[in-house]
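Enquirer: After the structure tokens below, expect a handful of questions from me.
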């Protein structure tokens with residue numbers, strides 16, 4: 001009778017720890033904690049900001065007391081700058097940590113060019129030119145960042161130094177778009193306009209040649225560069241004061257016409273299409 005008893009005991013010893021793991025709910029549930037360390041602190045501050053912002057928005061929308069609404073609006077306006085300062089403090093203490101790029105993106109994404117944003121841009125330029133994701137960050141600023149010298153410097157350095165192909169491609173695209181803005185703007189000196197045309201063309205052609213397959217949204221940067229280059233070639237002829245290019249088409253009655261037929265007259269053009 002000894003052998004069966006020993007065998008049953010052996011089976012029992014194996015079964016108890018195996019079953020205990022499934023009975024412990026803590027071992028069954030996935031962790032919901034923030035990432036440890038610096039990344040966790042940054043995520044925590046941003047989530048706390050979003051939560052407080054939503055709470056204040058709700059309070060403002062239902063408040064009927066003018067004095068209360070005024071205080072709530074003030075608190076709402078002060079929330080973001082306060083969060084930015086907290087995030088910058090984390091970055092100053094860990095400027096080279098790649099996790100801090102997310103904090104810096106939060107500070108500059110409004111494009112307000114304020115004190116906090118300017119410091120964040122300098123930290124990006126000094127410590128994150130080679131960090132993954134910086135190309136997309138800078139590309140998002142080309143329409144609302146007024147300090148063009150700082151932005152252009154970051155874009156140039158990312159396009160030349162970042163080891164990530166996607167970041168370099170996005171930097172070239174941003175360079176091309178930024179220069180195109182200058183080339184197509186009103187009141188720009190001819191020499192500056194020509195320089196911007198050349199800079200935009202060079203960046204977009206580099207993108208089309210070396211990074212055609214890099215995805216951006218629902219298409220590729222190569223495809224976008226091709227479209228931008230086509231528009232750039234026509235931009236010089238579409239400036240205010242330039243002679244309008246001739247347009248050939250049909251009117252609503254199907255009669256062929258040319259825009260030049262109406263030379264000397266005021267013409268209103270509407271371009272539309274249908275599938």
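Every read-out reported here was derived from the displayed coordinates using simple, explicitly stated rules and does not represent laboratory data. Quick caveat: nothing in here was measured; it's all calculated off a predicted structure. Don't worry about glycine lacking a Cβ; one is built from the backbone with ideal geometry, like all the others, and counts go over all protein chains shown.
Enquirer: When Rg is the radius of gyration of the Cα atoms in region 151-193 and Rh is its Kirkwood radius, what does Rg/Rh come to? Could the numbers behind the result be given before it?
Expert: Numbers: Rg = 12.3 Å, Rh = 11.1 Å.
When Rh is taken as the Kirkwood radius, the ratio is 1.11.
Enquirer: Which order do the peptides 214-220, 114-120 come out in when sorted by mean C-beta neighbours inside 10 angstrom, highest first?
Expert: Working: 214-220: 13.0, 114-120: 17.3.
By packing density, highest mean first, the sequence is 114-120, 214-220.
Enquirer: Sorting check: for 248-257, 166-175, 38-47, which peptide has the highest mean count of neighbouring beta carbons within 10 Å, and how do the rest follow?
Expert: On the way: 248-257: 8.4, 166-175: 25.3, 38-47: 16.2.
Ranked from most to least packed, the peptides come out as 166-175, 38-47, 248-257.
Enquirer: Here is a further query. Give, in nm to one decimal, the length gained when the segment between residue 48 and residue 62 is fully stretched (0.36 nm per residue of separation minus the Cα-Cα distance).
Expert: Values: separation 14, 0.36 × 14 = 5.04 nm, distance 2.16 nm.
Going from the current span to full extension adds 2.9 nm.
Enquirer: Across all directions of projection, what mean area in square nanometres is found for the Cα convex hull of region 45-189?
Expert: On the way: hull surface 43.4 nm².
The directionally averaged projection comes out at 10.8 nm².
Enquirer: OK, next. Give the residues of region 148-163 whose amide nitrogen is closer than 20 Å to a point set 7 Å from the Cα of residue 113 in the direction of its Cβ.
Expert: Zone members listed by number: 148-156.
Enquirer: Okay, moving on. Taking 0.36 nm per residue of separation and subtracting the Cα-Cα distance, what length does fully extending residue 192 through residue 234 add? The partial results should precede the final answer.
Expert: Details: separation 42, 0.36 × 42 = 15.12 nm, distance 1.76 nm.
Here the segment from residue 192 to residue 234 would lengthen by 13.4 nm.
Enquirer: Cα gyration tensor of region 176-266, axes a ≥ b ≥ c as square roots of the eigenvalues: rounded (a/c below 1.5), prolate (a/b > b/c) or oblate?
Expert: Judged from the Cα gyration tensor, region 176-266 comes out oblate (a/c at least 1.5, b/c at or above a/b).
Enquirer: Once you have the alpha carbon radius of gyration of region 129-242, what is it after dividing by 2.2 N^0.38 Å, with N set to its residue count?
Expert: Values: Rg = 13.8 Å, N = 114, 2.2 N^0.38 = 13.3 Å.
Cα-based Rg divided by the globular estimate yields 1.04.
Enquirer: Let me ask something additional. How high is the FRET efficiency between residue 73 and residue 271 when r is their beta carbon distance and R₀ equals 45 Å, given to the nearest 0.05? Could you put the intermediate results ahead of the total?
Expert: Details: r = 43 Å, r/R0 = 0.96.
It comes to 0.55.
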